[in-house]
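The values are calculated or read from the model by the stated rules, or taken from the named source; none is laboratory data. As the structure is a computational prediction, the values presented were derived from the model and not from experiment. No Cβ is skipped: glycine too gets one built from the backbone with ideal geometry, and neighbour counts run over all protein chains shown. Accessible surface is based on the protein model in full, side chains and every heavy atom, while ligands, DNA and RNA are left aside. Shrake-Rupley method; radii C 1.70, N 1.55, O 1.52, S 1.80 Å.
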Amino acid sequence: AEAERQCFEANKAVDKFRRGLQSLQQEHAQTQLQLSGSLAALATASEAATEQTIAAQEAEEKAVQVEKRWKEAEQRASWAEGQAHGSEHVVKSLERQLSEHKARLHEFEQAKKQAESDDLPFPTAIFQGK
């Protein structure tokens, strides 16, 4: 009877151990499943982060190119402004020369009229550069 009782107790202990082992195996399977899901999510997040990093690098490169083009455009605009300023001086100089030539032509015409009214020979060859 004692042996039967010990056998019964041993069987109970084995059953309890098996249930505990099954429970641990289920927890382990569930943990593995969660870990697998977490790893998949981490891989997806890592891939997204890599894509965002690449996109950020490309955007930064484009920004550098835009800034470079902007500086080049500013330099061209500055050069054009300098050219325009220089052209203004040339135009003013030419206008001044034209005004002087008109004044000399007017003087020439006045002298010619005066000479004609005084019946004097007018030295046109001097004014014509001969």
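How large a share of the accessible area of the chain, in percent, is made up of carbon and sulfur atoms when the probe is 1.4 Å and the other protein chains stay in place?
That fraction is 57 percent.
Computed from point charges on the beta carbon alone (+1 for Lys and Arg, -1 for Asp and Glu), the dipole magnitude for the chain about its Cα centre is near 100 Debye.
Labels on offer are (i) 110, 29, 22; (ii) 172, 21, 12; (iii) 33, 32, 27, and the one holding Cα extents along the principal axes in Å computed from this structure is (ii). Restricting attention to the chain, lysine pairs at least eight places apart or on different chains and with alpha-carbon atoms under 19 angstrom apart total 5. Placing dummy labels 7 Å off each Cα toward the beta-carbon, the span from residue 23 to residue 39 is 2.8 nm.
The solvent-accessible area of residue 85, taken with every protein chain present and a 1.4 Å probe, is close to 100 Å². Note that the chain presents 91 Å² accessible area per residue, ligands and nucleic acids not counted, probe 1.4 Å. Look at the dipole of region 51-94 built from charges on Cβ: of 66, 87, 53, the Cα furthest out on the positive end belongs to 87.
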